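Undergrad: Pasting a structure below so you can have a look.
The values are calculated or read from the model by the stated rules, or taken from the named source; none is laboratory data. This is a predicted model, so every value here is computed, not measured. For accessibility, only protein heavy atoms count, side chains too; no ligands or nucleic acids. Shrake-Rupley method; radii C 1.70, N 1.55, O 1.52, S 1.80 Å.
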Amino acid sequence: MNTREELLNDLGEAVNIIRQLANIQQRLNTIRNQYRSTIPLRELKTINMKKTIVGACVLALFFLNPEYPWIIMLPLASIPLKIYRTNKKNKKIESQNKVTEQQNAQIIANNEQLKMQEQNTLNELQQLQNVYRKRISPWYPIDYCSIDAAEFLYNAINNYRADSLKEAINLYETTLHQQRVENNQKQALRQQTLSNLLSAGSLVMQGATLGAINSQTSAINNQTASVNNVNDTLNRIRRGY
């Protein structure tokens, strides 16, 4: 990087490689965001076999001996109905699980394709990283390994705003500082505007409150005057005026 032309060529290569790295990273993130988790299968309802066997034995004893207390048969008589309902629910669950298994198969197949794409992208990224380490990293500062920074440095040299990489970096830092100052000023202006609005709103509310108080005071005074007039009239009547 002894001449301006050499510096421009090197910076142009750095811009190109950094752009490619950013594009590959974006592709890699897009691929990873497409991964999907499989859908869990629903569990089948279980039947308490001990209660079923005991119930069947008691029912058998009842039929063999009709004098067996019939009141015990009431809860046992519902066992066959529970078994029927459980089997019906299990059939529905099995049907839903078959659909879920088909969906999971598609998800797994899609994830496998994404794994292949991810691996190919990682291989491409690794190759480009090796190129960067060999050709760019020895002379290019790592803190400015971004598209915006690399393009700014290249344009600063290309437009004769700087004569060396160090001058271009200093100009970049100065520009960032000015942008931060401008952003802070804009933020302060927005806050000041908001404060003014709040102050104006407060004045309006105070004015409205003061107006209401004045109106109320005037009404009270008018009412007092009317009462006084009535009292004067009554006094005159009493005095015979």
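Undergrad: Report, as a whole number in µm² per second, the diffusion coefficient that Stokes-Einstein gives for the stretch 85-133 at 25 °C and 0.890 mPa s using the Kirkwood radius over alpha carbon pairs. Each step should come with its number before you reach the end.
TA: On the way: Rh = 13.9 Å.
Estimated diffusion coefficient is 176 µm²/s.
Undergrad: Rounded to the nearest 10 Å², what accessible area does Tyr84 have for a 1.4 Å probe in the complete protein model?
TA: 140 Å²
Undergrad: Here's another thing I want to ask about it. What are the lysines whose alpha-carbon lies under 28 Å from the alpha-carbon of Lys166, with same-chain residues fewer than 8 places away excluded?
TA: Lys166 reaches Lys134.
Undergrad: A further question follows. Cross-link candidates for Lys98: which aspartates and glutamates have Cα within less than 18 Å, leaving aside residues fewer than 8 places away along the same chain?
TA: Reachable aspartates and glutamates: Glu43.
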